[in-house]
Amino acid sequence: MSIMELPIPASTSDTIEKDRDHVWHHLSQHSVLKKQDPLVMVKGEGARVWDAKGNNYLDASSGGVWCVNVGYGRAEIADAIRDQVMELNFFASTAGTVPVC
């Protein structure tokens, strides 16, 4: 099922209010949030993202800090992450680890 076919919740007021009350948005003027809703992203596919109100945007900055340059919803990346987590997700000690390839 494509992201465009997934239903966006009709009522997002609870999520938006929690965001307004508890999230610090870096590089943003928070006084603006007293008059307008914060932007809350809920879905991503490829280079596009959707907000809680169903609007979609081209993510031209790779997730805001250039950390999603491979895009969103990449099954092959999710599969590789799952495989690694099932083998050995983390070991914090003085030993090295071998990634699953």
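The values are calculated or read from the model by the stated rules, or taken from the named source; none is laboratory data. Please read all numbers here as calculations on a predicted model, not as lab measurements. Note that we place each Cβ from the backbone using ideal geometry, even for glycine, and neighbour counts take in every protein chain shown.
A Cβ distance below 6 Å, combined with a sequence gap of six or more or placement on separate chains, defines the contacts here; from the stretch 30-52, residues that are touching a residue at least 40 places away in the same chain (Cβ under 8 Å) and closer than 10 Å to T15 by Cα reach residues that are among the β-branched types (V, I, T) and assigned to a strand (DSSP E or B) in the pairs A52/V42. Scanning the stretch 43-78 for residues that are among the polar types (S, T, N, Q) and either touching a strand residue (DSSP E or B) at 6+ places or on another chain (Cβ under 8 Å) or outside any loop (DSSP other than H, G, I, E, B) (or both) yields N56, S62. Among the residues of the stretch 62-101, those that are modelled with pLDDT of 75 or more, among the small types (G, A, S) and surrounded by 11 or more Cβ atoms within 10 Å (Cβ to Cβ) comprise G71, G73, A80.
Just so you know, in the stretch 1-32 the residues that are assigned to a helix (DSSP H, G or I) and modelled with pLDDT of 85 or more include one that is farthest from E76 (Cα to Cα), and it is S31.
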